[in-house]
Amino acid sequence: MRIAVIAIFLIFPFLVNAQKTITISGKLVDKESGEPIMFASIGIDGKSVGTVSNSVGEFDFHIPYIYKDYKMVIRMLGYQNIEAPISNYTNRDTVTFRMSKASKVLDEVVIIDSLKGGDIVSAALSKIDQNFPNEPFLMDGFYRDLKKVGGKYFSLLEAAVKIYDEDYAEPKNKNRLRERVALMEVRKSLGYSNKFTRYFEKYNLLEDLLLHNNVRYRQFPKEEIFFDSFQRGKTTYYNGQKVYVALGRFLVPNNGGTMRIKFYVDVGTYAIVRMEYERTFNNETLRRKGDLISKYISDTKTLDFKEYEGKMYLNLITLKSKINWYNQKTNELKFETELQQELLINNITTNPDERIASTQKMRRYGLQYQDEKYNKDFWENYNVIKDTPLDQEIVADLEELGTLEEQFENY
């Protein structure tokens, strides 16, 4: 008996160590329509660890074992939160979560204030310093980019990164990166030896994506015409709080195209919860390659933020950029290119002891040239945006590039 007890004590640490994480697999759907809910936030009550659902509403949430007695919280704009003990979902197959819209609650709310859309946006932008972090923070993130030429995917890269920032203070130079970024691991890196990479910029695309955080870098016009362009939308709910909606359409000066923006702003604090953005360009020539020239067509972007310890932090940023290539002499369209990027922030550390030193910083050139060996153990417990059936098809397409090579063999 004594030997058995000793054996248990010797084995127990290994059993605990083996169960470092709990994984909950789920699918989010609208309770009434059954439609999938994409890019909803899945997290732990009071903690910064989290993930998001993918384009078909699915997720795998890897939860540190120390949080096994906490609640899991699922949040989405316009829906009521779902909260339940994590222990309810251990050792279960994929769970379907049916989210109820908050519209029934909204029907009982009568809007009596006279705030206009521009007033809401102006107040939200003026309160960024109050609502966003003013002390150092470190974020763990999952980055993905996909490239298309002529409507076909030819490259895919996924990586785990760390991002350090001092605060959300407005920078003097709004086009110079303030964050420090370190590469942790690469999960996939396909198609980057393909010759069509030359039609995309070779600099660090992740750093470029971070510069697309308009809230962090205050990249908004200050003219009254910008604020006057906003109309007020129907108030919605997020995380149990009322949220203003302001929609704007703005003509960029000097024939710079059209910009459409939708802000979601917390009614009580004027914190920006989410921003949706689309810009179309007017034949802006970018680069020349041989007898071809490229022109910017459009950017479509989403910035999503989450509250942690009383401040708002980046949760998810997605960006889709379209650029067309034309014959320089005839202006005939030759082919289209598209860059899709996603960055999920899956953990936040406030006032971290860890800093990203200059020697640890990610190099300025493309991530594809900073490839690392695949670390299976690391990725098994790292929160990513779960692959969809479409993603699996893309990977299969990337392995059969013959047709793409033939289609554009002259370029």
Practice item. Go through the residues of the range 231-243 one by one and say whether even a single one is under 30 Å from Asn173 (Cβ atoms), outside any loop (DSSP other than H, G, I, E, B) and at pLDDT 90 or above. Key: no
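What about Leu303, is it surrounded by fewer than 20 Cβ atoms within 10 Å (Cβ to Cβ), in contact (Cβ under 8 Å) with a residue 60 or more places away in the chain and within 25 Å of Phe132 (Cα to Cα)?
No: the conditions fail for Leu303.
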Review point. Before we move on, is Leu286 assigned by TED's automatic domain parsing to the domain that holds Leu125 and at pLDDT below 95?
Key: yes
Review point. For the range 250-265, how many residues meet the condition of being surrounded by fewer than 16 Cβ atoms within 10 Å (Cβ to Cβ) and either assigned to a strand (DSSP E or B) or aliphatic (A, V, I, L, M) (or both)?
Key: 4
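Yes/no per residue for (1) out of contact with any Phe, Trp or Tyr (no Cβ under 7 Å at 6 or more places or on another chain); (2) among the hydroxyl-bearing types (Ser, Thr, Tyr); (3) surrounded by fewer than 17 Cβ atoms within 10 Å (Cβ to Cβ); (4) free of Cβ contacts under 8 Å to residues at least 40 places away in the same chain:
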{"residue": "Leu210", "(1), (2), (3), (4)": "yes, no, no, no"}
{"residue": "Arg216", "(1), (2), (3), (4)": "no, no, no, no"}
{"residue": "Gln219", "(1), (2), (3), (4)": "yes, no, yes, no"}
{"residue": "Ile225", "(1), (2), (3), (4)": "yes, no, yes, yes"}
{"residue": "Ser229", "(1), (2), (3), (4)": "no, yes, no, no"}
{"residue": "Gly248", "(1), (2), (3), (4)": "no, no, no, no"}
{"residue": "Gly268", "(1), (2), (3), (4)": "yes, no, yes, yes"}
{"residue": "Ala271", "(1), (2), (3), (4)": "yes, no, no, no"}
{"residue": "Arg274", "(1), (2), (3), (4)": "no, no, no, no"}
Practice item. Report, by residue number, each residue of the range 81-99 that is assigned to a loop (DSSP other than H, G, I, E, B) and modelled with pLDDT under 95. Key: Thr90, Asn91, Arg92, Asp93, Thr94
Study note, to complete from the structure: Given the conditions (1) in contact with a strand residue (DSSP E or B) (Cβ under 8 Å, 6 or more places away or on another chain); (2) in contact (Cβ under 8 Å) with a residue 40 or more places away in the chain; (3) of a type outside the set (Phe, Trp, Tyr), every one holds for Arg178 apart from (2)
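The values are calculated or read from the model by the stated rules, or taken from the named source; none is laboratory data. In this text, all values refer to a predicted model and were calculated from it rather than measured experimentally. Using ideal geometry, Cβ is built from the backbone for each residue, glycine included, and neighbour counts are taken over all protein chains shown.
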